[in-house]
Amino acid sequence: MLKLILYRLALAVPQLLLLSFLVFTLTYMVPGSPAAAILGVAANPESIARLEQQLGLDRPFFERLIEYYAGLFRGDFGTSFVSGRPVLELFAERLPATVSLIAGGLLVSIVLGLALGIIGGTKPGSFRDRASTAFSSVSMSLPEFWIGIILLLIFAVQLGVFPVVSYVPFAVDPIGWMRGLILPSIALGIGGAALIARQTRTAMAVSMSSRYVDSLTAVGVPRQRVVLRYGLKNALVPVLASTGLTISIMLGASFSVEKVFAFPGIGALMLRSVTGKDFAVVQGGVLLIAIMVILVNLILDVSYGLLNPKSRPS
Amino acid sequence: MSETTTTAITLSEPDDGRRHTTNLGRIVSRMRRQPGTIVAGAFILFLATVALLAPVVAPYDPTQVFLDNVLEPPSAQFLLGTDDLGRDQLSRLIYGSQIVLLVALGAVIIAAVIGVPLGLVFGFNGGWWDRIGMRFVDMAQALPGMLIGITVVAILGRNIVILMFAIGLIGASLFARMTRAVVLVERNKLYVEAAEVAGLPRRQIIFGQILPNLVGPIVTQGSVFLGSAIMIESAMSFLGIGLPSEIPTWGAMLSLALDNQAVAPHLTWPPGIAIVLTVLAFSVFGDGLNDALTGERKRLPRLGLRLAQAEEERAARAATSVSTAPGAVTGTATAVVHGDDAVLVTHDVSVALAMPDRSQTRIVKNASLTVAKGEIVGLLGESGSGKSTFARAVLGMLPPGTWLASGSIRLLGEELAHRQERELSHVRGTRMAAVFQDPMNALSPVHTVGMQLTEPLRLHKGMNRTQARTRAVELLERVGVRNALARLDDYPHQFSGGMAQRVAIAMALAADPELLIADEATSALDVTTQAQVLDLILDLRDEYGMGVLMITHSLGVVAETCDRAAVMYRGRIVEDSPVATLFSEPRHLYTRSLLDANPANAETSGRLVTIDGDLRVEIDGLIDQLDAEEDAR
Amino acid sequence: MTGDLHTSATPLLDVRSLSVGYELPAGLLGRRKVVPAVEDVSFTISHGETLGFVGESGSGKSTVGKAILRLVPPLAGHIVFDGRDVADDGARAPLSYRRDVQAVFQDPAASLNPRQLASHAIETTLRRHGVTDRIEIRSRTLEAFEMVGLTRDHLQRFPNELSGGQQQRVAIARALVLQPRLVVCDEAVSALDLSTQGQIINLLGDLQAATGVSYLFIAHDLGLVRHIAHRVGVMSAGSLVELASTEQIFDAPQHPYTRRLLGATPSSHPDGRDERRARRQAFRDASSVVLEAP
């Protein structure tokens, strides 16, 4: 078990190195000068040079590279051009909102997705299978932000059941926090549910037509037990393998859901920084998010190894 | 060798009568048969037309501002209403379609142009190229697409080409991965080796084989990714990092709709519905394309299922209406009924199969067979003879689309035909059990061997976990697994083929059934392993005295293990004799031909006898005659 | 199946101390491990002779075939074909070798390109070996088809429109169209129905009688090999444990593994099965070797 974790960690290190290097070189890819882009209309050679010096953009490549990595090890992911605050701090502030949202979305996705998938997959070709497949197909075509807008329109604006501005930090008011999460989680989760439903359905259908189902049935194990005990666990293997991707997609989708529900999350921060040309935040943010994703995948990989004995390194 | 029938009988698509000599023709005809794909295709065409003819179709200029008609609901003048600058929504919607299609198309092309060559390089070269390259691709795929999009826009700015590039970059990893997979599969195909043996240079072979095989997946992937590209573009426009806001895009329209939700709810619907329909159309079309190209339409026998259920009920009613007195069943069975000693007595069993055209055909016809206590009875036949179907009929595990049309199946005196599943699951394991052909797949790969082995013990013998484990260890030792206690917690893939089959046998015999059905149990094993497993079955039979129904296509297996054997051909049992008689004095022409055609039987010089031509016609004639006689009755 | 053997002094194929290995995919650190699949195997095949090669899965018999076909490089040893050691040839085998040494593989459907017509397989081969005249290509393809018992109709079919036996005939036609001296048959009939097996074996025998081609017939079924081979080699775990004439292998096997293999091969008649079973049991009791890897 420990071996598995260490093995996956070892794989992650080169990934992180590569990623951080790529991120570092991003500022060099800006056509023209970042300082010019920030100053915009007010740009003239003196102000550009002054800003560049201020931001340290005029120093040689290797010096900045070393400074960059030194900073990373210290936990310094850069400083916002606009607010002057450390990027890490800005992110830490906004992490709870995003994490709450994604957790809520995942919950909806998994519960709804598994249910739909099992319903369809245990009787492939039946009416209930076609119904749930149709539902999944349509759901995957619904933009999550549109679902959010509609939910907001119906439940908040017109019915007044939910508040329009949703986020309440957990520490302040747990009930309000949960209430505020309901609509956004549904908006975010429906697309994910469709993905999971599709995979679960295929996996269930495959596992139910596997030979071991015959073997177990031939020894007198009742069908329900074969389905729930044996079929499901086998079906979960491919589903779990793709959960990492689902989470990654959900992270991207959370940006627009955050906008709909005015969540003070990471997405909002990133967007603001892009439009405001705050490269430091964009740069640091990309790296931070990427690290988060790698960590989540690591956890998932380990769980996958727990679930599927064949994939454990021998 | 020949495979036994699979659990579900998949019906092939009925031919439409015409033969298309070109692949394209075949593909198009397949697609034409799918209504969903046709509708989706029509919608896409419609959208493309609207986009092309936007200046003609749209009632107003999309950027034209009507400050007197701000935020108006739909009216005769503005069919879909206006936004906060009084711009006509319908016109913006129409012009928006241009952007949507343009960006999506551009993104897909860029994704393919970047991804496919990368995939080719990684797949072709392998080695370090592949290792490092795929790390990159994995990484790119793991990151949220939105992140990549944001970064590109942040660095390079906001215009339509950059947007295409950003989205294309997101999709490139998908194309790279898919291309590489195709290359790897093709590289390993046998005909590449065969072509190489013929002297063709390796590169040429792979290129020649791979490119045509790539077209299909690329087109499908492209079609599906088009849908995703549209979603991503809409999201980015919604977030304000897509195109500048003067250019009408559906995503930007939704952003405005959000801002003005309280006062202008009508803004919410048109762009959203447009997005949904477009994305749906592309993904349905892509799926249809995929099905048509791979030719795989796993047409599940829903039709057959319903017909089978109806017919099964009818047969059950017919069976119960005839008084079935317990005890000896008279009939034309050639086998001797052993009375009290009989474990299994089947009489005139017929299994029917539902055909695509709603007719039915019998795949097992009037089969009668008995197995006595301690007796090993062989059921010998080639593939398609119906032997496995017969076994499944006895087990009550007939595949969907087939049913027991008539006949009686008595296990230890109790009638099993047409019994409910619930009742049958009590009979299985305790009175009869089975092992199947492929030992590596016969056990669930994600559960330990111990868990599966103790299942019948806990279910049928009421043992608790500890008792069951102890007994399981005994069983494993009995079937020859060393280190049984430790092995209980191993997984099936940690066993070799022969060992896994022994475990399967142990599981089958755990609850002491009186009948063991071995369906091609050794066909997938090596010769020496096969001998070991067969010897095991013989030993177990000697010790426990159960009856064994040994289903096989191998004369050798019958010769080595069976006391009696029945020969099956085209659904009928054509001969049933004690094994010595079967081999020395076969009565039916088919049996004689089988024996003659066995290479192991042949003289060491001269030609092998084969069952073909006139001989086959003669044998078939005998069967046809029987069929005709029965139909007349 | 005894034909007249060319008893010439030099054998057609002379394999000496052949070793072949497979490279395991490199782990995280790029360490490359080589697993030996065949170790120190030596045998000869004369003109017009059929050498049967039997063994269970993992014995290395197919690997030997692949090495002779130059599909995998040997680690060590010599493969002397017609007096020339081809093991030295480097990565690409010369075209002449490809003409002289051909193959028929196990899975007929997989060895033919599903996207090409059946005749295309043969036409490509001819073209590759320098036959350019279209008319000649057509006529030689038709000739090859007829030699294996197929007709003109079959030329225009795709592989999935042919039965397993017919597909294998196409593969044989492809192998023989260039009039090779040696054909490696790697489990060539194992995937076919019982009746079809007999037909293909008869065909192979007829072709040998007509053209004098030699076969390396690789199989796991001893009974099959008995009928077709002049001599038989037995492979186990990468080594050639016994090599002798067919009669000798079956009537008086020397090596314990050969005896075990024979004992395990199901017989063609129930007579004597109790004795065979007892012998197997005795072997099991006496043997202290672990018979099966866990």
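The values are calculated or read from the model by the stated rules, or taken from the named source; none is laboratory data. Since the model is a prediction, treat every value here as computed from it, not as a measurement. All Cβ positions, even for glycine, are placed from backbone atoms using ideal geometry, and neighbour counts span all protein chains on display. Note: areas computed on protein heavy atoms with side chains; ligands, DNA, RNA excluded. Shrake-Rupley method; radii C 1.70, N 1.55, O 1.52, S 1.80 Å.
Condition first: touching a Cys at 6+ places or on another chain (Cβ under 9 Å) and not in a strand (DSSP E or B). Now tell me which residues in region C:204-221 satisfy that.
Here is the first cut: in region C:204-221, the ones touching a Cys at 6+ places or on another chain (Cβ under 9 Å) are C:204, C:215-219.
Hit for region C:204-221 is C:LEU204, nothing else.
Based on what the data block shows, is A:ILE190 touching a residue at least 40 places away in the same chain (Cβ under 8 Å), closer than 29 Å to B:THR268 by Cα and hydrophobic (A, V, I, L, M, F, W, C)?
Numbers: touching a residue at least 40 places away in the same chain (Cβ under 8 Å): yes; closer than 29 Å to B:THR268 by Cα: yes; hydrophobic (A, V, I, L, M, F, W, C): yes.
In short, yes.
Just one of the numbered conditions (1) crowded, with 19+ Cβ neighbours inside 10 Å; (2) within 12 Å of chain A (Cβ to nearest Cβ) is not true of B:VAL182; which one?
Condition (2) is where B:VAL182 drops out.
Of all residues in region C:98-121, which are in contact with a Phe, Trp or Tyr (Cβ under 8 Å, 6 or more places away or on another chain), at pLDDT 85 or above and facing another protein chain (nearest Cβ under 9 Å)?
C:VAL101, the sole residue that qualifies.
Of the conditions (1) open to solvent by less than 60 Å² (accessible area, probe 1.4 Å); (2) free of Cβ contacts under 8 Å to residues at least 60 places away in the same chain; (3) closer than 30 Å to C:ARG260 by Cα; (4) within 11 Å of chain A (Cβ to nearest Cβ), B:ASP519 satisfies every one except a single condition; which number is it?
Checking B:ASP519 against (1) open to solvent by less than 60 Å² (accessible area, probe 1.4 Å); (2) free of Cβ contacts under 8 Å to residues at least 60 places away in the same chain; (3) closer than 30 Å to C:ARG260 by Cα; (4) within 11 Å of chain A (Cβ to nearest Cβ), the one that fails is (2).
If I ask for residues that are crowded, with 21+ Cβ neighbours inside 10 Å, within 12 Å of chain B (Cβ to nearest Cβ) and closer than 13 Å to C:TYR97 by Cβ, which ones from region C:60-80 would you list?
Across region C:60-80, the qualifying residues are C:ILE68, C:LEU69, C:ARG70.
B:PRO201 fails exactly one of the following numbered conditions: (1) over 28 Å from A:LEU11 (Cβ atoms); (2) open to solvent by 10 Å² or more (accessible area, probe 1.4 Å); (3) within 14 Å of chain A (Cβ to nearest Cβ). What is the number of that condition?
Of (1) over 28 Å from A:LEU11 (Cβ atoms); (2) open to solvent by 10 Å² or more (accessible area, probe 1.4 Å); (3) within 14 Å of chain A (Cβ to nearest Cβ), only one is false for B:PRO201: (3).
Quick one: count up the residues across region B:207-236 that are among the polar types (S, T, N, Q) and either within 19 Å of A:LEU188 (Cβ to Cβ) or touching a Pro at 6+ places or on another chain (Cβ under 8 Å) (or both).
Taking region B:207-236 first, the residues among the polar types (S, T, N, Q) are B:209, B:213, B:220-221, B:223, B:228, B:234.
Narrowing the set further to residues that are either within 19 Å of A:LEU188 (Cβ to Cβ) or touching a Pro at 6+ places or on another chain (Cβ under 8 Å) (or both) leaves B:228, B:234.
Going through region B:207-236 one residue at a time, the tally reaches 2.
Given A:LEU88, A:LEU17, A:LEU65, which one is more than 21 Å from A:LEU298 (Cα to Cα), modelled with pLDDT of 80 or more and open to solvent by 60 Å² or more (accessible area, probe 1.4 Å)? If you could, list the steps in order and put the result at the bottom.
Working: A:LEU17 fails: more than 21 Å from A:LEU298 (Cα to Cα); A:LEU65 fails: open to solvent by 60 Å² or more (accessible area, probe 1.4 Å).
None of the others qualify; the one that does is A:LEU88.
B:LEU293 fails exactly one of the following numbered conditions: (1) more than 27 Å from the chain's Cα centre (by Cα); (2) in contact (Cβ under 8 Å) with a residue 60 or more places away in the chain; (3) more than 9 Å from every other protein chain (Cβ to nearest Cβ). What is the number of that condition?
Result: B:LEU293 passes all but (1).
Go through region B:426-451 residue by residue and tally those that are farther than 18 Å from B:ILE537 by Cα and surrounded by 24 or more Cβ atoms within 10 Å (Cβ to Cβ).
Residues in region B:426-451 being farther than 18 Å from B:ILE537 by Cα and surrounded by 24 or more Cβ atoms within 10 Å (Cβ to Cβ): 4 in total.
For region C:91-103, state whether one or more residues are touching a Gly at 6+ places or on another chain (Cβ under 6 Å), over 21 Å from C:SER17 (Cβ atoms) and open to solvent by 10 Å² or more (accessible area, probe 1.4 Å).
First, pick out the residues of region C:91-103 that are touching a Gly at 6+ places or on another chain (Cβ under 6 Å): C:95, C:98.
Next cut, over 21 Å from C:SER17 (Cβ atoms) only: C:95, C:98.
Those still in the list that are open to solvent by 10 Å² or more (accessible area, probe 1.4 Å) too: C:95, C:98.
Yes.
Anything in region B:239-266 that is among the acidic types (Asp, Glu) and within 11 Å of chain A (Cβ to nearest Cβ)? List them, or say none. Explain how you work it out, then say what you get.
So the first thing to find is which residues in region B:239-266 are among the acidic types (Asp, Glu), and the list is B:246, B:259.
The one that is among the acidic types (Asp, Glu) and within 11 Å of chain A (Cβ to nearest Cβ): B:ASP259.
Determine the pairs where a residue that is over 13 Å from C:ARG174 (Cα atoms), located within region C:136-160, has a partner that is open to solvent by 80 Å² or more (accessible area, probe 1.4 Å) and of a type in the set (Val, Ile, Thr) with Cβ atoms under 9 Å apart, the partner being 6 or more residues away or on another chain.
C:GLN156/B:THR21
Looking only at region C:237-255, decide whether some residue is more than 24 Å from C:VAL20 (Cα to Cα) and open to solvent by less than 20 Å² (accessible area, probe 1.4 Å).
Going through region C:237-255, the residues more than 24 Å from C:VAL20 (Cα to Cα) turn out to be C:245-254.
Subsequent filtering for residues that are open to solvent by less than 20 Å² (accessible area, probe 1.4 Å) retains C:246, C:249.
Yes: one or more hits.
Somewhere in region B:111-128, is a residue polar (S, T, N, Q) and assigned by TED's automatic domain parsing to the domain that holds B:SER234? Talk me through it step by step, then tell me what you get.
So in region B:111-128, the residues polar (S, T, N, Q) come out as B:125.
The next check asks that each one be assigned by TED's automatic domain parsing to the domain that holds B:SER234; those that pass are B:125.
Yes, that holds for at least one residue.
Does A:SER139 qualify as being under 30 Å from B:SER237 (Cβ atoms) and more than 9 Å from every other protein chain (Cβ to nearest Cβ)? Break it down stepwise before answering.
Working: under 30 Å from B:SER237 (Cβ atoms): yes; more than 9 Å from every other protein chain (Cβ to nearest Cβ): yes.
Criteria met by A:SER139.
Please go through region C:223-272 and give me each residue that is assigned to a strand (DSSP E or B) and without any contact (Cβ under 8 Å) to a residue 40 or more places away in the chain, ordered by number. Steps first, please.
Pass one, region C:223-272, residues assigned to a strand (DSSP E or B): C:231-236, C:239-245.
Listed by number, the residues that qualify are C:VAL241, C:GLU242, C:ALA244, C:SER245.
So which of A:GLY231, A:GLY180, A:GLY276 ends up being at pLDDT below 90, within 13 Å of chain B (Cβ to nearest Cβ) and open to solvent by less than 10 Å² (accessible area, probe 1.4 Å)?
On the way: A:GLY180 fails: within 13 Å of chain B (Cβ to nearest Cβ); A:GLY276 fails: open to solvent by less than 10 Å² (accessible area, probe 1.4 Å).
Step by step, each of A:GLY231, A:GLY180, A:GLY276 is checked, and only A:GLY231 is at pLDDT below 90, within 13 Å of chain B (Cβ to nearest Cβ) and open to solvent by less than 10 Å² (accessible area, probe 1.4 Å).
Here is a yes/no grid of residues against (1) at pLDDT 90 or above; (2) of a type in the set (S, T, N, Q):
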{"position": "B:THR389", "(1), (2)": "yes, yes"}
{"position": "B:GLY396", "(1), (2)": "yes, no"}
{"position": "B:SER408", "(1), (2)": "yes, yes"}
{"position": "B:SER425", "(1), (2)": "no, yes"}
{"position": "B:ALA434", "(1), (2)": "yes, no"}
{"position": "B:MET440", "(1), (2)": "no, no"}
{"position": "B:VAL449", "(1), (2)": "yes, no"}
{"position": "B:LYS461", "(1), (2)": "no, no"}
{"position": "B:GLU474", "(1), (2)": "yes, no"}
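Restricting attention to region B:557-564, does a residue exist that is touching a Lys or Arg at 6+ places or on another chain (Cβ under 9 Å), on the phi < 0 side of the Ramachandran plot, aliphatic (A, V, I, L, M) and surrounded by 20 or more Cβ atoms within 10 Å (Cβ to Cβ)? Walk me through how you get there before you give the answer.
Start the filter on region B:557-564 by keeping residues that are touching a Lys or Arg at 6+ places or on another chain (Cβ under 9 Å), which leaves B:559-561.
With the extra rule that they be on the phi < 0 side of the Ramachandran plot, the set shrinks to B:559-561.
Next cut, aliphatic (A, V, I, L, M) only: B:559.
Of the ones still in play, those that are also surrounded by 20 or more Cβ atoms within 10 Å (Cβ to Cβ) are B:559.
Yes, the conditions are met somewhere in region B:557-564.
I need a count of the residues in region B:396-425 that are within 8 Å of another protein chain (Cβ to nearest Cβ) and either buried (at least 23 other Cβ atoms within 10 Å of the Cβ) or in contact with a Pro (Cβ under 9 Å, 6 or more places away or on another chain) (or both).
Taking region B:396-425 as the starting set, the residues that turn out to be within 8 Å of another protein chain (Cβ to nearest Cβ) are B:397, B:421-422, B:425.
Okay, now just the ones that are also either buried (at least 23 other Cβ atoms within 10 Å of the Cβ) or in contact with a Pro (Cβ under 9 Å, 6 or more places away or on another chain) (or both), so B:421-422, B:425.
Count: 3.
Kindly provide the set of residues from region C:198-217 that are more than 7 Å from chain B (Cβ to nearest Cβ), among the polar types (S, T, N, Q) and free of Cβ contacts under 8 Å to residues at least 60 places away in the same chain, ordered by number.
Once the filter is applied, which keeps residues that are more than 7 Å from chain B (Cβ to nearest Cβ), among the polar types (S, T, N, Q) and free of Cβ contacts under 8 Å to residues at least 60 places away in the same chain, region C:198-217 yields only C:THR211.
Output the number of the condition that A:LYS123 fails; it satisfies all remaining conditions of (1) outside any loop (DSSP other than H, G, I, E, B); (2) open to solvent by 10 Å² or more (accessible area, probe 1.4 Å).
Among (1) outside any loop (DSSP other than H, G, I, E, B); (2) open to solvent by 10 Å² or more (accessible area, probe 1.4 Å), A:LYS123 violates only (1).
Any residue in region B:398-420 that is under 16 Å from B:ALA433 (Cα atoms) and free of Cβ contacts under 8 Å to residues at least 24 places away in the same chain?
Yes.
Does at least one position in region B:570-590 carry a residue that is of a type in the set (Gly, Ala, Ser), facing another protein chain (nearest Cβ under 9 Å) and either touching a His at 6+ places or on another chain (Cβ under 7 Å) or buried (at least 21 other Cβ atoms within 10 Å of the Cβ) (or both)?
no
Which residue, of B:ASP539, B:ASP535, B:ASP519, B:ASP489, is modelled with pLDDT of 90 or more, in contact with a Phe, Trp or Tyr (Cβ under 9 Å, 6 or more places away or on another chain) and of a type in the set (Asp, Glu)? First the steps, then the outcome.
On the way: B:ASP539 fails: in contact with a Phe, Trp or Tyr (Cβ under 9 Å, 6 or more places away or on another chain); B:ASP535 fails: in contact with a Phe, Trp or Tyr (Cβ under 9 Å, 6 or more places away or on another chain); B:ASP489 fails: in contact with a Phe, Trp or Tyr (Cβ under 9 Å, 6 or more places away or on another chain).
Of the residues listed, the single one that is modelled with pLDDT of 90 or more, in contact with a Phe, Trp or Tyr (Cβ under 9 Å, 6 or more places away or on another chain) and of a type in the set (Asp, Glu) is B:ASP519.
Looking at the structure I just gave you, is B:GLN89 touching a Ser or Thr at 6+ places or on another chain (Cβ under 7 Å) and modelled with pLDDT of 75 or more? It would help to see each step written out before you state the result.
Working: touching a Ser or Thr at 6+ places or on another chain (Cβ under 7 Å): yes; modelled with pLDDT of 75 or more: yes.
Against the criterion (touching a Ser or Thr at 6+ places or on another chain (Cβ under 7 Å) and modelled with pLDDT of 75 or more), B:GLN89 qualifies.
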